[in-house]
Amino acid sequence: MSITPAADVSALWDLTGDIAVVTGASSGIGQAAAEIYAAAGATVVVLGRSEQRVADVVAGITAAGGAAHGYAVDVSVRGAADAVFARIAAEVGRPTVVVANAGIAGGASYRGDGRIADYTDEEWDEVVATNLHGTFETVRAAARVLETGGRILVTSSTAGMRTDPMVSYGYVATKAAILNLVRQVALELAPRGIRVNAIAPGPFKGTRIGDGETAIAPEAESMWAETIPLGRMGTMAEIQGPMLFLVSPASSFVTGAALAVDGGALALSHTGF
């Protein structure tokens, strides 16, 4: 049996005509996603808490020839996602792609000051508000506006797929919870022709969790590298292809999936080779 290839391979990655909304897009993985979507032809809507950072990302995209709009919003605030989606629909157009990417670290790991006995209510509540409630409300808002052919992508983490002593309790709990949210929503929305998937990055350089800096200390980078079979952390350029794949025509038969992008870290069942 022969398989007819796509007449134009580039069409598999083309987002021309799409309106892609990305939360947490003022830095890190969200910014990387917004930039590659714009390069693929989408009109991108950059959402983030910092008005200045949002404006900077929008300016960078437009300077590169892309189309972008930006709104400062904190999706952890109840009702904020629905409100900003209403503005986007009125001022930009109805979204076709929604990426729920906003997230924070939620405190230190138990290797630092984040031991379970010392983990505070404030740390727990803050990370749950952003990573879980914010993701839920973004996905719900997306389900209310997307039509057939729409795509939802949620940023989880490899820390949501296994134990990870290098991140906080709130982080592992919320990143695991949203994976099952993705699966459940994928089942509901599949009859409407809306695909819902998750991406689960491992350690990447250039992320800004919450208000942290993007630089990573050499000793921390070395620690992370030891947990990765490829022997190094990922770069922002290396997350762009997977982020594009999961919202592009190339993944038209993929829904309810979680794609790990981690240099082989999840394949390890032991601490070394």
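Every read-out reported here was derived from the displayed coordinates using simple, explicitly stated rules and does not represent laboratory data. None of these values were measured; they are calculated from a predicted model. Please note: Cβ atoms are built from the backbone with ideal geometry, for glycine as well, and neighbour counts cover all protein chains shown.
Under a 5 Å amide H to amide H cut-off, with H placed in plane at 1.01 Å, what residues pair with V73 once short-range neighbours are removed?
G48, R49
Check G256: other-chain or 5+ apart residues with amide H under 5 Å from its amide H, H built from backbone geometry?
Those lying under 5 Å, H to H, from G256 are V196, N197.
At a 10 Å Cβ-Cβ cut-off, how would you order R111, R183, R195, R49, fewest neighbours first?
On the way: R111 11, R183 16, R195 24, R49 20.
Fewest-to-most Cβ neighbours within 10 Å comes out as R111, R183, R49, R195.
If you take every residue apart from V73 with its C-beta less than 13 Å away from the C-beta of V73, what net charge results, scoring Lys and Arg +1 and Asp and Glu -1? Please report the intermediate quantities before stating the final value.
Details: positive: R49, R53, R78, R87; negative: E51, D74, D82, E137.
It works out to a net charge of 0.
Scan around I228 for amide H atoms under 5 Å from its own, H built in the peptide plane at 1.01 Å from N, and keep only partners 5 or more places away or cross-chain.
Amide H neighbours of I228, under 5 Å, 5+ apart: none.
Any idea what the relative contact order of the stretch 15-262 is, in percent, if you count C-alpha pairs under 8 Å spaced at least 6 apart? Mind showing how you got there, number by number?
Details: 508 pairs, mean separation 46.6, N = 248.
Across the stretch 15-262, relative contact order equals 19 percent.
Need one word for the stretch 123-183: rounded, prolate or oblate. Basis is the Cα gyration tensor (sqrt eigenvalues a ≥ b ≥ c); a/c below 1.5 gives rounded, then a/b vs b/c decides. All intermediate terms of the calculation are to be shown ahead of the outcome.
Details: a/c = 3.71, a/b = 1.85, b/c = 2.01.
Verdict is oblate for the stretch 123-183.
How would you rank L259, L230, going from fewest to most other Cβ atoms within 10 Å of each one's own Cβ?
L230, L259
Using 0.36 nm per residue, how much length does the chain from K205 to R183 gain when fully extended, once their Cα-Cα distance is taken away? Don't jump to the answer; show the numbers that get you there.
Values: separation 22, 0.36 × 22 = 7.92 nm, distance 2.80 nm.
Length gained between K205 and R183: 5.1 nm.
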